[in-house]
1. Between residue 104 and residue 75, with labels modelled 7 Å along Cα→Cβ, what's the label distance in nm to one decimal, could you check?
2. Would you calculate the separation in nanometres between label points at residue 84 and residue 33, each defined as 7 Å from the Cα along the Cα-to-beta-carbon direction?
3. Extension gain residue 22-residue 111, at 0.36 nm per residue separation less the Cα-Cα distance, in nm?
């Protein structure tokens with residue numbers, strides 16, 4: 001008579017498999033063991049330097065000495081006085097943008113600045 005476990009040939013089997021996988025994952029990470037494992041996995045992530053993101057939608061903070069240095073360099077390049085607050089605003093706007101590829105945030109910002117200045 002034929003197999004009854006093949007499901008629809010239009011891709012429903014793959015969709016059902018993904019949905020089941022997601023349900024298993026969600027159920028596991030809701031357990032105490034899963035939460036502990038997820039905490040360890042998240043702890044292995046590299047911290048973003050020099051900018052530490054405060055929270056979604058909030059401004060990025062960075063080292064005060066770095067801001068002073070960048071303000072001085074930009075002032076020399078542009079031939080006008082660039083204030084620290086302007087640098088902080090530019091930095092926050094650049095860090096907030098969505099990345100085009102999987103790169104560290106600072107690499108994206110530096111690449112953006114390099115390409116934008118030409």
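Derivation of every value follows stated rules applied to the coordinates shown; laboratory data play no part. As the structure is a prediction and not an experimental result, all values here were calculated from the model. Don't worry about glycine lacking a Cβ; one is built from the backbone with ideal geometry, like all the others, and counts go over all protein chains shown.
1. The two pseudo-label positions are separated by 2.9 nm.
2. Distance between the two pseudo-spin positions: 5.2 nm.
3. Result for the pair: 28.5 nm of gain on full extension.
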